Amino acid sequence: MNFKKILPILVFALLAVLTIAIRRCQATKSESGRENTTVNTREPRQRNNPTTNSNASAGLDRSQELFFTKHARCRMACRKITQKEVQEILLEGKINYNKSELDNPQGPTYAVEGVTSDRQRVRIIFAPKQKHLSVVTVIDLENEFACPKC
């Protein structure tokens, strides 16, 4: 084969590998660059809802202390979602197992969905840790928000 024909393919492959490596490095940095903010939550209300209180959700302790990552705080500010609303969704929301990553090598994440007191349909990603429950990000399911600083 002619080297001139192979060169663009090799360059493209190299760029793809570099892109994947950079994304993995950024993901690792965002995990270590968390803001140290915690909030206490009250005990969850007992409800007859198999989606939120089943054994499958046993890994999500809804009574744990909340820890808001820097990214989650930024997204909350852009989407005008308060800590109180995050706590309400945690306690009353339903786990969307299609959006959750229970077999994530860095630890499971749970996508909990619900409606806030001001009628926003949201999905909040929680990551259980040993001593707290991390709020990873907050997503408005109906509106697009420009968050230039996040």
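The values are calculated or read from the model by the stated rules, or taken from the named source; none is laboratory data. Since the structure is predicted, the reported quantities are computational estimates derived from the model, not experimental observations. For neighbour counting, all protein chains shown are included, and Cβ atoms are generated from backbone atoms with ideal geometry for every residue, glycine included. To get the accessible areas, we keep the full protein, side chains included, count just its heavy atoms, and leave off ligands, DNA and RNA. Shrake-Rupley method; radii C 1.70, N 1.55, O 1.52, S 1.80 Å.
Every listed requirement among (1) aliphatic (A, V, I, L, M); (2) touching a residue at least 40 places away in the same chain (Cβ under 8 Å); (3) open to solvent by less than 40 Å² (accessible area, probe 1.4 Å); (4) in contact with a strand residue (DSSP E or B) (Cβ under 7 Å, 6 or more places away or on another chain) is met by residue 91 save one, (4). Restricting attention to region 56-73, the residues being farther than 17 Å from residue 141 by Cα and assigned to a helix (DSSP H, G or I) number 5.
Quick check on my filter: what residues within region 96-110 are part of a strand (DSSP E or B) and in contact with an Asp or Glu (Cβ under 8 Å, 6 or more places away or on another chain)? Hit for region 96-110 is 109, nothing else.
Scanning region 102-150 for residues that are open to solvent by less than 20 Å² (accessible area, probe 1.4 Å) and of a type in the set (D, E, K, R) yields one hit, 140.
Scanning region 135-148 for residues that are in contact (Cβ under 8 Å) with a residue 40 or more places away in the chain and among the aliphatic types (A, V, I, L, M) yields 135, 136, 138, 139, 146.
Here's the yes/no breakdown for (1) at pLDDT below 95; (2) within 16 Å of residue 133 (Cβ to Cβ):
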site: 14; (1), (2): yes, no
site: 60; (1), (2): yes, yes
site: 64; (1), (2): yes, yes
site: 109; (1), (2): no, yes
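Among the conditions (1) out of contact with any helix residue (DSSP H, G or I) (no Cβ under 8 Å at 6 or more places or on another chain); (2) open to solvent by less than 80 Å² (accessible area, probe 1.4 Å); (3) at pLDDT below 95, residue 85 misses just one, which is (3). Looking only at region 126-139, decide whether some residue is in a loop (DSSP other than H, G, I, E, B), among the polar types (S, T, N, Q) and closer than 26 Å to residue 24 by Cβ. Yes - at least one qualifying residue is present in region 126-139. Annotation note: Cβ proximity below 8 Å between a residue of region 110-134 that is free of Cβ contacts under 8 Å to residues at least 24 places away in the same chain and farther than 16 Å from residue 99 by Cβ and a residue that is open to solvent by less than 60 Å² (accessible area, probe 1.4 Å) and in a loop (DSSP other than H, G, I, E, B) (sequence gap 6+ or interchain) occurs for no pair.
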